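To start, the structure under review is shown below, and the notes come after it.
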Amino acid sequence: MLYAAIAHKLDRWLWIGYGFVFLEGFILLAFKSHCSLNLLARKYTDSTKDNFDIYLPAWLAKYTKLIYTTIFAIVICITIYQMVN
């Protein structure tokens with residue numbers, strides 16, 4: 001999505017991407033900011049670490065929502081800028 005916004009490729013794939021991101025946001029809201037698969041994975045472990053279900057370092061797993069939300073906000077800003085110009 002970032003590439004599409006920067007390269008001014010505002011085609012249907014970008015909008016499909018927006019749809020999936022918003023769908024994921026609604027799912028996260030429904031499950032109180034936890035992925036539904038995360039809740040399923042918790043049944044099989046007692047670990048409370050941020051990276052118990054993902055192959056990322058703990059420091060990165062802790063901030064994935066912040067990182068991807070920031071990138072998505074940048075994509076939105078660039079898309080709006082591209083649409084206005």
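Observations on the structure shown:
- Reduced Cα scattering model of the chain, Debye log10 I(q)/I(0), q = 0.21, 0.24 Å⁻¹: -1.03, -1.17
- Applying a DSSP loop filter and a limit of 16 other Cβ atoms within 10 Å to the trypsin sites (Lys or Arg not before Pro) in the chain leaves Lys9, Lys32, Lys49.
- Compared with the dominant principal axis of the Cα atoms in the chain, helix 12-30 is inclined by about 30°.
- Rel. contact order, % - alpha carbon contacts under 8 angstrom, at least six apart, the chain: 41 percent
- For the chain, the longest principal axis of the C-alpha atoms and the axis of helix 64-84 are separated by about 10°.
Every read-out reported here was derived from the displayed coordinates using simple, explicitly stated rules and does not represent laboratory data. Please read these numbers as outputs of a predicted model, since none were measured by experiment. When we count neighbours, we look across all protein chains shown, and the Cβ atoms used for this are built from the backbone with ideal geometry, even at glycine.
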